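Chemist: Sharing a structure with you now.
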Amino acid sequence: MSEEEKKKSTELKKTQQMMDPYYEEKAQNHAEMVSWIASAEKELADLRLRKALLEADFPGLLNEYRRLIVTDAAISTVAKTNLLAYLTYELLRPLSDATLKQTDSYNIWQAKYFLVKYQLTDKRELALSFKMNVIDTRFAAKFMPLILLDLQEMSVTVDERQVLELIRLWYSEKIFSRNQLSLINYDLNRLLENFKKLGFAVSPSLLDNTRALSVDLESEFPLATGILDSIFITTMESSEYDFDKIGQANYQVKLNQEQNVYIHSEKNKTHLFIDSNNRRRSILDFFTHYPFFVPLIVRD
């Protein structure tokens, strides 16, 4: 039999088999089996990934974040959710001594003094927003986008506008107490310290209490005479403080421990220079100790 004849014979048998219900059923079963195997292999690969994530330490989780999240790899929702949860726990780990736990929302952790929500940005950075506990349930707090982590460049940035907003909420809105703000400040700085230990470069910020304050602040508000008079009266009532006028619109307030605050008005705005004399403290710590300066920066 020639090759041509063999080919025709084979094609004839295939045609006959296709017309045979028995062979049709076998073909369908074969297609289903191939599909099941592919599905099982995909599920097995997902289980292996989730097992690896469970076993990974922070460097391992970081590598998987870069490999899977940054590249937007095709992984299951469960694997992606688990990876982000395991990673953020390591970032928030200092708070675990205060019953850090996940809430019913997959991307929100509950700490002692606040809730922490994590979200991915369009650039695959990790944004941490904080909702502080309020002093009275009649008040309502919102999540504040306070910290941004770039897990590729290993950098941390604090939104200083939100730091000043914290001061306003405490001083003007009175939704939490001075003691609460101090405890919040302490825990947020524990997080910044942990980020450094994990290898992040943490940009200097008003929140950081590991650096001395030597900072210029500009307020959108004019230098009100009433506020200035109130600061003058407060400083004159304490033997630890002093108030001096320097020139036409410049003032120096001398505080205890040789700290100084310089106040001046320019273009209908208030400028404040705070010098803590090499004493390490955050702006939250400073203003909670010297609240009479707060109206220069934030108002009702």
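Chemist: Cβ-Cβ below 8 Å, separation at least six or inter-chain, first residue in region 278-300 and touching a residue at least 24 places away in the same chain (Cβ under 8 Å) and under 21 Å from His264 (Cα atoms), second outside any helix (DSSP H, G or I) and among the hydroxyl-bearing types (Ser, Thr, Tyr): which pairs?
Modeler: That search, which allows pairs on different chains as well, returns Phe286/Ser276; Leu296/Ser219; Leu296/Thr270; Ile297/Ser219; Ile297/Thr270; Val298/Ser219.
Chemist: If only one of Leu207, Leu228 is in a loop (DSSP other than H, G, I, E, B) and modelled with pLDDT of 90 or more, which one is it?
Modeler: Only one candidate passes the filter, namely Leu207.
Chemist: Starting from region 256-274, take each residue that is within 16 Å of Asp244 (Cβ to Cβ) and list its partners that are basic (Lys, Arg), counting only C-beta distances under 9 angstrom and pairs at least six apart or across chains.
Modeler: Cβ pairs passing all conditions: Glu258/Arg279; Gln259/Arg279; Asn260/Lys254; Val261/Lys254.
Chemist: Quick check on my filter: what residues within region 134-159 are under 19 Å from the mean Cα position of the chain (by Cα), at pLDDT below 95 and crowded, with 16+ Cβ neighbours inside 10 Å? Steps first, please.
Modeler: Residues of region 134-159 under 19 Å from the mean Cα position of the chain (by Cα): 141-159.
When the remaining residues are screened for being at pLDDT below 95, the result is 141-142.
The one that is under 19 Å from the mean Cα position of the chain (by Cα), at pLDDT below 95 and crowded, with 16+ Cβ neighbours inside 10 Å: Ala141.
Chemist: One residue is enough: does region 163-184 have a residue meeting the conditions under 23 Å from Lys196 (Cα atoms), of a type in the set (Ser, Thr, Tyr) and out of contact with any strand residue (DSSP E or B) (no Cβ under 8 Å at 6 or more places or on another chain)?
Modeler: Looking for residues that are under 23 Å from Lys196 (Cα atoms), of a type in the set (Ser, Thr, Tyr) and out of contact with any strand residue (DSSP E or B) (no Cβ under 8 Å at 6 or more places or on another chain), one finds at least one in region 163-184, hence yes.
Chemist: Still on this structure, I have one more. Going by what's in this entry, would Val163 be described as within 25 Å of Phe58 (Cα to Cα), surrounded by 14 or more Cβ atoms within 10 Å (Cβ to Cβ) and not hydroxyl-bearing (Ser, Thr, Tyr)? Walk me through it before giving the result.
Modeler: Values: within 25 Å of Phe58 (Cα to Cα): no; surrounded by 14 or more Cβ atoms within 10 Å (Cβ to Cβ): yes; not hydroxyl-bearing (Ser, Thr, Tyr): yes.
In short, no.
Chemist: Still on this structure, please answer the following. Restricting attention to region 91-109, which residues are buried (at least 17 other Cβ atoms within 10 Å of the Cβ) and either under 17 Å from Gly60 (Cα atoms) or of a type in the set (S, T, N, Q) (or both)?
Modeler: Leu91, Leu92
Chemist: Something else about it: Give all pairs with beta carbons closer than 6 Å in which a residue from region 162-175 that is in contact (Cβ under 8 Å) with a residue 12 or more places away in the chain and within 15 Å of Phe130 (Cα to Cα) meets a residue that is part of a loop (DSSP other than H, G, I, E, B) and β-branched (Val, Ile, Thr); count only pairs at least 6 apart in sequence or on separate chains.
Modeler: Between residues of region 162-175 that are in contact (Cβ under 8 Å) with a residue 12 or more places away in the chain and within 15 Å of Phe130 (Cα to Cα) and residues that are part of a loop (DSSP other than H, G, I, E, B) and β-branched (Val, Ile, Thr), the close pairs are Ile167/Val298; Leu169/Ile175; Ile175/Val134.
Chemist: Please indicate, with yes or no, whether at least one residue in region 66-73 is assigned to a helix (DSSP H, G or I), assigned by TED's automatic domain parsing to the domain that holds Phe176 and among the hydrophobic types (A, V, I, L, M, F, W, C). Walk me through how you get there before you give the answer.
Modeler: Just the residues of region 66-73 that are assigned to a helix (DSSP H, G or I), to begin with: 66-69.
Next, from what is left, pick out any that are assigned by TED's automatic domain parsing to the domain that holds Phe176: 66-69.
Now drop any that are not among the hydrophobic types (A, V, I, L, M, F, W, C), which leaves 68-69.
Yes, region 66-73 has at least one match.
Chemist: Next question, about the same structure. Please find, among Ser177, Ser129, the residue that is among the polar types (S, T, N, Q), in the same structural domain as Leu61 (by TED's automatic domain parsing) and at pLDDT 95 or above.
Modeler: On the way: Ser177 fails: at pLDDT 95 or above.
One residue alone meets the criteria, Ser129.
Chemist: Shifting gears a bit: Give Asp122, Asp159 a once-over and let me know the one that is in contact with a Leu (Cβ under 9 Å, 6 or more places away or on another chain) and acidic (Asp, Glu).
Modeler: Checking each option against the conditions leaves just Asp159.
Chemist: Of all residues in region 286-300, which are farther than 9 Å from Ile227 by Cα, assigned to a helix (DSSP H, G or I) and touching a helix residue (DSSP H, G or I) at 6+ places or on another chain (Cβ under 7 Å)?
Modeler: As a first pass, look at region 286-300 and keep what is farther than 9 Å from Ile227 by Cα: 286-291, 294, 297-300.
Next, only the ones that are assigned to a helix (DSSP H, G or I) stay: 286-289, 291, 294.
Result: Phe287, Thr288, Pro291, Val294.
Chemist: Residues of region 52-65 being in contact (Cβ under 8 Å) with a residue 24 or more places away in the chain and part of a helix (DSSP H, G or I), which ones?
Modeler: Leu53, Leu54, Phe58, Leu61, Leu62, Tyr65
Chemist: With the condition kept exactly as written, say whether any residue in region 212-223 is closer than 19 Å to Leu164 by Cα, touching a helix residue (DSSP H, G or I) at 6+ places or on another chain (Cβ under 9 Å) and in a loop (DSSP other than H, G, I, E, B). First the steps, then the outcome.
Modeler: Going through region 212-223, the residues closer than 19 Å to Leu164 by Cα turn out to be 212-223.
Now narrow it down to the ones that are touching a helix residue (DSSP H, G or I) at 6+ places or on another chain (Cβ under 9 Å): 213, 215, 217, 219, 221, 223.
Going one step further and asking which of them are in a loop (DSSP other than H, G, I, E, B), we end up with 221, 223.
Yes: region 212-223 contains one or more residues that are closer than 19 Å to Leu164 by Cα, touching a helix residue (DSSP H, G or I) at 6+ places or on another chain (Cβ under 9 Å) and in a loop (DSSP other than H, G, I, E, B).
Chemist: Among (1) in a strand (DSSP E or B); (2) free of Cβ contacts under 8 Å to residues at least 40 places away in the same chain, where does Val156 come up short?
Modeler: Only one criterion is unmet by Val156, namely (2).
The values are calculated or read from the model by the stated rules, or taken from the named source; none is laboratory data. Everything numeric here is computed off the predicted structure, so don't read it as measured data. Using ideal geometry, Cβ is built from the backbone for each residue, glycine included, and neighbour counts are taken over all protein chains shown.
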